[in-house]
Amino acid sequence: MAGVPSTIKTWQMVTPWGKNKETGEVIEGKLAMTEIPVPELKEGEVIVEVAGCGVCHTDLGYFFDRVPTVCKPPLTLGHEISGTVVAGDPKWVGKEVVIPAVMPCRKCDLCKTGRGNRCLAQLMPGNSLGIYGGFSSHIVVPTIDLCEIRNRGDYPLENYAVVADAVTTPYQAAKRADLQPGDNVIVIGATGGVGVYMAQMAKALGAKTVIGMARNPEKLQRALNYGCDFVISTQDKTNKDVAGEFGAIRKANGLPGAFWKIFEVSGTKAGQDLGLDLLSFVGKMVVVGFGMSKSEFMLSRLMAFDAELIGTWGCLPEYYPIVLGMVQSKKIDIDPFVEVRPMSTIAATFDEIHKAGSPAKRVVLKPDF
C-alpha cells in the first residue's frame, strides 16, 4: 500500500460535446489525462487510492449531452468509487472503502429532517465544489461518510465501486416508495446499469411481484434470474400494447389493478411516458433515472387516481452499510453485471456506451496510470 502520492493522476473532461451557437459547428468533446497537486488534508479527511470507478449514465450526460456541472471544465468526472485509504486519519489508513456518491453537510434543514441525500451543500465526486471525481489515481474525501468494506470475500475491490451509486440508489428509491413486503412492483429500464439492481432490490426487500420492462428481449430473459418474476419487452410496441400485456399478466396471476409501485429507471422519455401511462389507482411512480427530455401529463390524473409521483436522488450514507451487507450476503448479486476495464480506455468506453446504449454489464474503470 502506497502512502501520500507526489501528485494525483486524473482523467479530465477538458471539453464536453456541443455546438458553436454562432456557426453551428460541432465542438468535439475531449478527455485527457493530466496530473494535479495533492490537496492539503483538512481535519477529518483522508486520501483514498482508487481501486475502481464506475461509468454512470450521468457521466455520459455531462460529456455528450452538456448536462450542466457545478464546476466548469476541465473537470474530473466519476462518482462510483471504491478504494483503500492510504493517508490521513490513522484509524482509517489501510481500510478498504466505498465512497458515497453524495455526501451531505449534516447541518442544514434537509439533513436534520432525514433528507440529506438531497442536501444542497452536499459533496458529489465529479460534480461539486471542493472535490474532484474518481477517474483518478487518488481522491481526497471526508471520513464521516465512508463505508468500510469488511471481509469483502470473492469480489475484487474494484467491483465494489458499483455499490456507491448503482446499488444504493435503488435502496433509497425503495425507501421513498415505502416499499413493503407483499408489494407489487414494475421496473421500467430493468436491464440497465441501475435497473438490474432495482429489480433485485425490490425482490430482496420482499416485493411479491416484480415485472421488468425494457427494450432488449435477451437482457430481459436474464432479468428473470435476478429479481423479475415477469418481463415485458417494449421494443416496437405502443404503450397501449405494453399495458395490454401487463393486464394479461395481472389477470392470469390474480394480481390487483391498484397499489402498484412503478420505478422508472431508464431516464428516457419513452420510459417516463410509459410509467405515467401505467400509473393507476393509489399507485406510486418513483423517478429514478435522469434525462433531459420533457413529458406531457395530465396532473389531474394524480387526483383522480389518488396516486403519487415521486422523485429520488442518490442515497443517504447511513444506508450504505445495509446495502453492502445485502451485496456480501448475495441478496443482491453484482458479479454478473460488472466489467472491469483499464482506466486508459475511458474515451473509447464513453464513446462505445454512448453509441450502443446501456451495456449488459456496468463498466468499472481501474486505474492503470
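The values are calculated or read from the model by the stated rules, or taken from the named source; none is laboratory data. Everything numeric in this text was worked out from a predicted model, so none of it was measured. All Cβ positions, even for glycine, are placed from backbone atoms using ideal geometry, and neighbour counts span all protein chains on display.
Return yes or no: is Asp306 assigned by TED's automatic domain parsing to the domain that holds Asp154, touching a residue at least 24 places away in the same chain (Cβ under 8 Å) and either in contact with a helix residue (DSSP H, G or I) (Cβ under 6 Å, 6 or more places away or on another chain) or farther than 24 Å from Val102 by Cβ (or both)? Against the criterion (assigned by TED's automatic domain parsing to the domain that holds Asp154, touching a residue at least 24 places away in the same chain (Cβ under 8 Å) and either in contact with a helix residue (DSSP H, G or I) (Cβ under 6 Å, 6 or more places away or on another chain) or farther than 24 Å from Val102 by Cβ (or both)), Asp306 does not qualify.
In the range 10-25, the residue that is modelled with the lowest pLDDT out of those that are outside any loop (DSSP other than H, G, I, E, B) and not small (Gly, Ala, Ser) is Lys19. Of all residues in the range 209-243, those satisfying the criterion of being of a type in the set (Lys, Arg) and surrounded by 15 or more Cβ atoms within 10 Å (Cβ to Cβ) are Arg215, Lys219, Arg222, Lys237.
Just a yes or no: is a residue in the range 260-279 assigned by TED's automatic domain parsing to the domain that holds Ala177 and over 30 Å from Asp165 (Cβ atoms)? No: zero hits. When Phe281, Phe263 are checked against the criterion of being aromatic (Phe, Trp, Tyr) and either under 18 Å from Ala207 (Cβ atoms) or touching a residue at least 40 places away in the same chain (Cβ under 8 Å) (or both), a single residue qualifies: Phe263. Evaluation of Val86 against the conditions (1) of a type in the set (A, V, I, L, M, F, W, C); (2) under 23 Å from the mean Cα position of the chain (by Cα); (3) in a strand (DSSP E or B) shows that the sole unmet condition is (2).
Could you list, in sequence order, the residues of the range 37-65 that are part of a strand (DSSP E or B) and loosely packed, with under 15 Cβ neighbours inside 10 Å? Across the range 37-65, there are no qualifying residues. A single entry from Val141, Val50 fulfils the requirement of being under 22 Å from Ala347 (Cα atoms), modelled with pLDDT of 95 or more, of a type in the set (A, V, I, L, M, F, W, C) and in contact with a strand residue (DSSP E or B) (Cβ under 7 Å, 6 or more places away or on another chain): Val50.
Val70 satisfies every condition listed in (1) of a type in the set (A, V, I, L, M); (2) in contact with a Ser or Thr (Cβ under 8 Å, 6 or more places away or on another chain); (3) outside any strand (DSSP E or B); (4) surrounded by 14 or more Cβ atoms within 10 Å (Cβ to Cβ) except (4).
Selection of the range 303-334 for residues being farther than 15 Å from Leu179 by Cα, among the polar types (S, T, N, Q) and crowded, with 18+ Cβ neighbours inside 10 Å yields only Gln328. Selection of strands (runs of 3 or more DSSP E) fully inside the range 126-232 by the criterion of at least 3 residues being under 19 Å from the mean Cα position of the chain (by Cα) returns 184-188, 209-214. Here Met33 meets the list (1) in a strand (DSSP E or B); (2) closer than 18 Å to Met124 by Cβ; (3) not assigned by TED's automatic domain parsing to the domain that holds Gly153 almost entirely, failing just condition (2).
Just so you know, in the range 272-302 the residues that are within 27 Å of Leu123 (Cα to Cα) and in contact with a helix residue (DSSP H, G or I) (Cβ under 6 Å, 6 or more places away or on another chain) include one that is surrounded by the fewest Cβ atoms within 10 Å (Cβ to Cβ), and it is Ser293.
Evaluate the range 77-98: report whether one residue or more is within 18 Å of Leu123 (Cβ to Cβ) and touching a His at 6+ places or on another chain (Cβ under 6 Å). The answer is no; no qualifying residue exists.
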